[in-house]
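Enquirer: Once you've had a glance at the structure underneath, I'll fire off some questions.
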Amino acid sequence: MESEKVNNHAAFIWSVADLLRGVYKQSEYGRVILPLTVLRRLDCVLEPTKDEVLAAVGRLPDTLQNRDPLLAKFAGQSFFNTSRHTFATLLGDPDNVAGNLRNYIAGFSESARDIVDKFNFDVQIDRLNDHNLLYLVVSKFADLDLSPETVSDLDMGYLYEELIRRFSELSNETAGEHFTPREVIRLMVNLLFREDDELLTKPGVVKTLLDPACGTGGMLSVAEDYLRQLNPEARLMVFGQEVNAETYATCRADMLIKGQEASNIKFGNSFDDDQHQNERFDYLLANPPFGVEWKMVADKVKDEHAIQGFAGRFGAGLPRINDGSFLFLQHMISKMKRSGEGGARLAIVFNGSPLFTGGAGSGESEIRRWIIESDMLEAVVALPDQLFYNTGISTYIWVVTNRKAPQRRGKVQLVDARDHFTKMNKSLGQKRKELSADQIDEIARLYGSFEEGPQVKIFPNESFGFLRITVERPLRLRWEITDDTLGAVGSDKKIAKLDHDQREALLAELRIHHGEVYPTETAAKQVVQDALLKATADKPAALVKAVTEALAARDPDAPIITDRAGTPKPDPDLRDYENLPLPPTTVAFESDPTARLQTIEYRSAVDDYIQAEVHPYVSDVWPDLDKTKIGYEIPLTRHFYTYTPPRPLAEIDVEISGLEQEIRALLIELAE
């Protein structure tokens, strides 16, 4: 939290929850506390002009065409309230608090009333009233000063998020789904705007920013404040979408109070209910929930991928159903202004999974491939662990853009900021570390300087690609009749379809040849045909094949099995896979995953690898080039790994000897 005042207000509001014990479960406290906090904030904001608005209501007829804009002007805000009530007057009529509170809520202008409706607070009014708690709870909030002079917009955002964090912990929800630590947002905004300082300092500049998982709006607020400090004459129009009704309402209330266009904040799931269709933005920010499952919207997402391809949002591929991180990123890329419109930049927070999850050809790998080969991935910044409230895992900021600076084109920058943190005096949830202002500046400097060093690595795009080749070895078999192979015959599903007597008769005929070995399949098949004919009076081809295969045993010294054309057959049990660095190429990403394999000269690289690295040890292998796939991964931690040699054995021996002597001395002392 940023100030002692915010802590005090949070503690006071939290104490109101004590009144709810017995009537509400702890996990339900937020249903009362959050909407009343928002209502009280709106009440305090409108209080200075309340009398002027009521006077105007008396003068202006309801049928006046521009009545609402005039009332908003008298209120000095983009919203107003025409009810005669305030939180203070509600207490003057203790017997009618429920009715008067509903009248007060109904008096808000449409934009503010939509916010309250999303809390579904009317149900809680009845519940509180039925248990004689409504007056007590409202009176507590009436004593709370949430005026802008007392609690700034920034502190109010912190207050909302602290309350949500506490209620989320009680209900075992993920608080991190709702908001991001402010210092992490500041770093993201610094990275997002750093390349554009000159552009953003122009007089009268107007830019747009979208957060498709905006939570309580923290990212939007910090970005707006940053640009205002950079250029007081600049204007940042912020847009957002949020799937959680309560956090959506909180965000929209915050935007409304700050004079932003609250209607730019939309309610719904960005995946299946895109509320910003056909809109594109200059900047995008997001901290999507880590590992969020997208099963509920899978049908619509899969249909868009299959039908629209790259004309839709998810053309590059689909990730695993239990992690929608890359869906958010593709959705955001689709919202970027195109290069001809000036281009766009985005920053998004991920856990480690999107860096490497998914093998070559998988949805995740294809998405990474598309982003990198399209030269959109500018940088990945590794953050310290324990920065977030709900998880201690390491996180990473991806910076993606379609307007890279000339010196960055064709390259990806990795920044290792894992050691840039300050230990907190008191943890908040699992958050035990934070970024100081100086550390944020230093990380941004490392990113902006674009120079290699101990904490910065710069690689060409193709460095993250690899060829996944399939290495085959020939199938070598002999055929034999032993206890093991007879057991395999008895358990084969096709042979099990014979009746009991026929199956036993077949095994008996085969047992006559126990111990015999056949060098070719033809010889073994002749014995099988004879045994089947004697046991069943028939020798169907399917059964002959099944019994012959059951008698086969792998033998590294046996002849190679070939097909009719004389080509060696591969042994599935000996099949192996190798990853080779992707040969340099100028070919860009194509929507057909196999297109690039048909256009680049990769065969010589594969042959050279097999000759140098495999044939000296195993001479009979060959690569199946038709199964080769391109993969992409970003092994960030590996690039910053520093080898620490183990201590010399002599030094370890001396230490062990010293410990042994110490133990002997202790044992002697005990014995005495």
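Enquirer: Taking only segment 104-156 into account, find how many residues are closer than 15 Å to Pro94 by Cα and among the aliphatic types (A, V, I, L, M).
Expert: Of the residues in that region, 8 qualify.
Enquirer: Something else about it: Can you name the residue in segment 126-155 that is assigned to a helix (DSSP H, G or I), at pLDDT 85 or above and among the hydrophobic types (A, V, I, L, M, F, W, C) and is also farthest from Tyr24 (Cα to Cα) among such residues?
Expert: Applying the filter and picking the extreme gives Ala142.
Enquirer: Take segment 71-90 and flag every residue that is in a loop (DSSP other than H, G, I, E, B) and modelled with pLDDT of 90 or more.
Expert: Gly76, Gln77, Phe79, Phe80, Thr82, Ser83, Arg84, His85, Thr86
Enquirer: Right, here's the next one. Quick check, is Val123 among the β-branched types (Val, Ile, Thr), modelled with pLDDT under 90 and under 38 Å from the mean Cα position of the chain (by Cα)?
Expert: no
Enquirer: Collect the residues in segment 255-267 that are touching a helix residue (DSSP H, G or I) at 6+ places or on another chain (Cβ under 9 Å) and not aromatic (Phe, Trp, Tyr), keeping them in residue-number order.
Expert: Met255, Leu256, Ile257, Lys258, Gln260, Glu261, Ala262, Ser263, Asn264, Ile265, Lys266
Enquirer: Would you please name the residue that is nearest to the chain's Cα centre (by Cα), looking only at residues in segment 249-268 that are basic (Lys, Arg) and not in a loop (DSSP other than H, G, I, E, B)?
Expert: If we take residues in segment 249-268 being basic (Lys, Arg) and not in a loop (DSSP other than H, G, I, E, B), then Lys266 is nearest to the chain's Cα centre (by Cα).
Enquirer: Could I ask something else about it? Considering each of Leu498, Leu507, Leu467 in turn, give the residue that is over 30 Å from Glu373 (Cα atoms) and modelled with pLDDT of 90 or more.
Expert: Leu507
Enquirer: Can you go through Arg418, Arg468, Arg409 and tell me which one is closer than 25 Å to Phe326 by Cβ, touching an Asp or Glu at 6+ places or on another chain (Cβ under 7 Å) and in contact (Cβ under 8 Å) with a residue 12 or more places away in the chain?
Expert: That would be Arg409, the only listed residue that is closer than 25 Å to Phe326 by Cβ, touching an Asp or Glu at 6+ places or on another chain (Cβ under 7 Å) and in contact (Cβ under 8 Å) with a residue 12 or more places away in the chain.
Enquirer: Further question: May I ask you to say which residue of Glu198, Glu246, Glu224, Glu233 is modelled with pLDDT under 90, outside any loop (DSSP other than H, G, I, E, B) and out of contact with any Leu (no Cβ under 6 Å at 6 or more places or on another chain)?
Expert: Sole residue among the options that is modelled with pLDDT under 90, outside any loop (DSSP other than H, G, I, E, B) and out of contact with any Leu (no Cβ under 6 Å at 6 or more places or on another chain): Glu198.
Enquirer: Is it the case that some residue within segment 40-57 is touching a Lys or Arg at 6+ places or on another chain (Cβ under 8 Å) and in the same structural domain as Ala10 (by TED's automatic domain parsing)?
Expert: Yes, because at least one residue in segment 40-57 is touching a Lys or Arg at 6+ places or on another chain (Cβ under 8 Å) and in the same structural domain as Ala10 (by TED's automatic domain parsing).
Enquirer: Let me ask something else about it. Name the residues in segment 402-445 that are part of a strand (DSSP E or B), among the β-branched types (Val, Ile, Thr) and either under 30 Å from Phe281 (Cα atoms) or not assigned by TED's automatic domain parsing to the domain that holds Gly343 (or both), would you?
Expert: Matches in segment 402-445: Val412, Val415.
Enquirer: Just to check your reading of the model, which residue among Gly453, Gly490, Gly448 is surrounded by 12 or more Cβ atoms within 10 Å (Cβ to Cβ), out of contact with any strand residue (DSSP E or B) (no Cβ under 8 Å at 6 or more places or on another chain) and farther than 18 Å from Val544 by Cβ?
Expert: Residue meeting the stated conditions: Gly448.
Enquirer: Here are the criteria: (1) within 19 Å of Arg31 (Cβ to Cβ); (2) surrounded by fewer than 19 Cβ atoms within 10 Å (Cβ to Cβ). Tell me which single one Ala55 does not satisfy.
Expert: (1)
Enquirer: List every residue pair whose Cβ atoms sit under 6 Å apart, with the two residues 6 or more apart in sequence or on different chains, where the first one lies in segment 149-160 and is under 19 Å from Leu428 (Cβ atoms) and the second, anywhere, is of a type in the set (S, T, N, Q) and assigned to a helix (DSSP H, G or I).
Expert: Pairs that qualify, where the first residue is under 19 Å from Leu428 (Cβ atoms) and the partner is of a type in the set (S, T, N, Q) and assigned to a helix (DSSP H, G or I), are Gly157/Ser221; Tyr160/Thr250.
Enquirer: In segment 74-99, how many residues are at positive phi and of a type in the set (A, V, I, L, M)?
Expert: Residues that pass the stated criteria total 0.
Enquirer: Any residue that is part of a loop (DSSP other than H, G, I, E, B), aliphatic (A, V, I, L, M), within 17 Å of Asp323 (Cα to Cα) and in the same structural domain as Val189 (by TED's automatic domain parsing) - is there at least one of those in segment 377-398?
Expert: Yes, the conditions are met somewhere in segment 377-398.
Enquirer: For segment 460-478, which positions are surrounded by 15 or more Cβ atoms within 10 Å (Cβ to Cβ) and assigned to a strand (DSSP E or B)?
Expert: Of everything in segment 460-478, those that are surrounded by 15 or more Cβ atoms within 10 Å (Cβ to Cβ) and assigned to a strand (DSSP E or B) turn out to be Gly465, Phe466, Leu467, Arg468, Ile469, Thr470, Val471, Glu472, Pro474, Arg476, Leu477, Arg478.
Enquirer: Any chance segment 334-341 includes a residue that's of a type outside the set (Ser, Thr, Tyr) and more than 28 Å from Lys300 (Cα to Cα)?
Expert: Checked segment 334-341: at least one residue is of a type outside the set (Ser, Thr, Tyr) and more than 28 Å from Lys300 (Cα to Cα).
Enquirer: Determine whether Lys525 is out of contact with any Phe, Trp or Tyr (no Cβ under 6 Å at 6 or more places or on another chain), free of Cβ contacts under 8 Å to residues at least 24 places away in the same chain, assigned to a helix (DSSP H, G or I) and surrounded by 18 or more Cβ atoms within 10 Å (Cβ to Cβ).
Expert: Yes.
Enquirer: Can you spot a residue in segment 648-656 that is out of contact with any Gly (no Cβ under 6 Å at 6 or more places or on another chain), farther than 30 Å from Pro584 by Cβ and assigned to a loop (DSSP other than H, G, I, E, B)?
Expert: yes
Enquirer: Still on this model: Taking segment 479-509, which residues are assigned to a helix (DSSP H, G or I), charged (D, E, K, R), under 53 Å from the mean Cα position of the chain (by Cα) and closer than 18 Å to Ala552 by Cβ?
Expert: Asp484
Enquirer: Within the set of pairs 6 or more residues apart or between chains, which connect a residue that is surrounded by 16 or more Cβ atoms within 10 Å (Cβ to Cβ) and in a helix (DSSP H, G or I) inside segment 608-630 to a residue that is of a type in the set (A, V, I, L, M, F, W, C) and modelled with pLDDT of 90 or more with Cβ atoms less than 6 Å apart?
Expert: Tyr609/Leu580; Val614/Val621
Enquirer: Residue check, Tyr158 against (1) buried (at least 20 other Cβ atoms within 10 Å of the Cβ); (2) of a type outside the set (Asp, Glu); (3) part of a loop (DSSP other than H, G, I, E, B), all met but one. Which one?
Expert: So Tyr158 meets the others, but not (3).
The values are calculated or read from the model by the stated rules, or taken from the named source; none is laboratory data. These numbers were taken from a predicted model, which means no experiment stands behind them. Cβ atoms come from the backbone with ideal geometry, glycine included; neighbour counts cover every protein chain shown.
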